[in-house]
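Presented below is the structure to which this report refers.
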Amino acid sequence: MNGVFTIWEPKFSEVIIEADQRSYAMSEPVKYPDNIEIIDCSLGTNPLGAPECLRDIDIPADTCNLCDYPAPEPDDLKKAISRSHPEWKLGMDQILVSGGSMGVIVTLARLLISRGTLLSGISPQFTDAVVQCLCNGAVYRPVRLFAPDYRISIDPLLEIIKENQCVIYLDRPNNPTGQVTSLKDVEKLAEAGMENDSWIISDEAYADYLPDEESAVTLKFPNLIVCRSFSKGLGAAGLRIGYAVSNDCRLSDLFRKAQPPFAVGALDAVMGVKVIDDKDFLDKTRKYVHLAKTAVAEVFNEKDGLSVAYTDNRVPIMLVSQKNGNLAARLAAVGISCEAGSGFFDMDDTSVRLRVPSPDKLETFLKRVRAL
């Protein structure tokens, strides 16, 4: 069969970053002290844990037969999503469910990216989404943010769209800084993309911490796709449910054909309805995150040599930096787990991404940071 099939293997050293070939490399494992409880601030899960509705749930056998394959598209889950967000005025055909928001991104990368496609975004940003696009042949040319505040401006992105047909990947809120690009700026990007057939992907994995009226779903551009997740504000990362909202019927049809079948399990779909209907848990989460984020940002800003990037205190993640040395190792030495900056493009271990600690660990966390 030689000569009939060609397998393209991405060479990351050649295609990851167009400008100066900078890549990312995972840092060495950090060491934690013995006999100290580790405060986990690494993954972006809900700091309150899972909602109460998942701790004691009755699954009727007649609505969730685990012997059968799940529905290709769980209608009850899609109806719950639409019902939970009345301001979005969603039709069922607009909602594309998948196995977590990463499942959405993997399928979108297969559909929108081919070898040589220009991909841009704000760097640093969610690494795994960029990697999926690179594996499909993208050329990544991001707009880089700079220390110490890493403040986002979309003007360079608008210039890229003006000069090139491309795909823009925008994590909103931004991961790792936690800042939120304004809805007006997303509208500008979508309008510019309409001029030359460019796609805008707004990844709103952390957007459940924000009110619905701030979601890009409220914008009805056919070239704008919005990705949402059950893993962050909804507190259900273990269910692996995500969805996209699309205003382009052609893209929606292709998405349903391209993604693997039975992407959301039957049990996940039933439990997902319970989760999305639990508004009390989401309200409680939002209140705690704002309180904790304010306190955590203040304690870091009080420390000489440490700085917090520009951020939104409604979002549970933030980027903390120092001028020299391994900050992840420094925090590990006092029993705080975080995400090292080297896990992101254009960053190194002088920076870390932190998620606010759980409520029972907040005071201990603040004391440990003050003792750095």
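Quick notes on this structure:
- Vicinal HN-Hα couplings computed from phi for segment 360-366 (Karplus, 6.51 cos²θ - 1.76 cosθ + 1.60; Hz; Gly/Pro x): 6, 10, 4, 5, 5, 4, 4
- Neighbour count of at most 16 Cβ within 10 Å plus DSSP loop: longest trypsin sites (Lys or Arg not before Pro)-free window in the chain: 221-302
- Summed residue charge, Cβ within 14 Å of LYS274's Cβ, Lys/Arg positive, Asp/Glu negative: -4
- Alpha-carbon radius of gyration plus Dmax, which is the widest Cα pair, for segment 36-189 in Å: 19.4, 56
- Karplus-derived 3J(HN,Hα) values for segment 98-107, using 6.51 cos²θ - 1.76 cosθ + 1.60 with θ = phi - 60°, are 7, x, x, 5, 5, x, 4, 5, 4, 5 Hz; glycine and proline are entered as x.
- Accessible surface of THR311, taken over heavy atoms with a 1.4 Å probe and every protein chain present, rounds to 30 Å².
- Additional length obtainable on full extension of the chain from LYS162 to ASP93, 0.36 nm per residue less Cα span: 21.8 nm
- Most to least accessible of HIS290, HIS85 (protein chains only, probe 1.4 Å): HIS290, HIS85
- Ranking ASP278, ASP76 from most to least accessible surface, computed with a 1.4 Å probe over the protein chains only, gives ASP76, ASP278.
- FRET E, pair CYS64, ALA258, Förster distance 35 Å, beta-carbon r, rounded to 0.05: 0.85
- Straightening the chain between ASP277 and LYS303 buys 5.2 nm, computed as 0.36 nm per residue apart minus the Cα-Cα spacing.
- A Förster radius of 56 Å combined with the Cβ-Cβ distance from MET194 to LEU291 puts the calculated FRET efficiency at roughly 0.85.
- Anisotropy class of segment 102-167 from Cα gyration tensor, a/c 1.5 cut: oblate
- Protection proxy ranking of 164-174, 336-346 - average other beta-carbon atoms within 10 Å, highest first: 164-174, 336-346
- Partner lysines for LYS367 [C-alpha distance under 19 Å; skip if fewer than 8 residues away on the same chain]: LYS293, LYS303
- Prolate/oblate/rounded label for the chain (Cα gyration tensor, a/c 1.5): oblate
- For segment 285-336, the gyration tensor built on C-alpha atoms gives a prolate shape. Its axis ratio a/c (a ≥ b ≥ c) is at least 1.5, and a/b is the larger of a/b and b/c.
- The gain in end-to-end length when the ASP34 to ALA371 segment is fully stretched comes to 119.6 nm, 0.36 nm per residue minus the alpha carbon separation.
- Rounded D (µm²/s) - segment 200-264, Kirkwood Rh over Cα pairs, Stokes-Einstein at 4 °C, 1.567 mPa s: 102
- When the convex hull of its Cα atoms is viewed from all sides, segment 284-372 shows a mean projected area of 5.4 nm².
- Take GLU363: with every protein chain present and a 1.4 Å probe, its accessible area is about 110 Å².
- DSSP bridge orientation in segment 111-255 - percent antiparallel, rounded to nearest 5: 25
- For the chain, the relative contact order comes to 26 percent (Cα pairs under 8 Å, sequence separation of at least 6).
- Relative contact order of segment 223-372, pairs being alpha-carbon contacts under 8 Å that are 6 or more residues apart, as %: 17
- In the chain, the portion of solvent-accessible area held by carbon and sulfur atoms comes to 51 percent [1.4 Å probe, whole percent, DNA, RNA and ligands not counted].
- In the chain, the DSSP-assigned H stretches of four residues or longer account for a calculated mean residue ellipticity at 222 nm of -9500 deg cm²/dmol, using -39500 (n - 2.57) per stretch and the full residue count as denominator.
- Nonlocal amide H pairs with VAL139, under 5 Å, H built at 1.01 Å: GLY116, THR117, LEU118, LEU119
- Average accessible surface for the chain: 46 Å² per residue, computed with a 1.4 Å probe over protein heavy atoms with every protein chain in place.
The values are calculated or read from the model by the stated rules, or taken from the named source; none is laboratory data. Owing to the predicted nature of the structure, the values given are computational and were not obtained by experimental measurement. For neighbour counting, all protein chains shown are included, and Cβ atoms are generated from backbone atoms with ideal geometry for every residue, glycine included. In case anyone asks, the SASA skips ligands and DNA or RNA and just uses the protein heavy atoms, side chains included. Shrake-Rupley method; radii C 1.70, N 1.55, O 1.52, S 1.80 Å.
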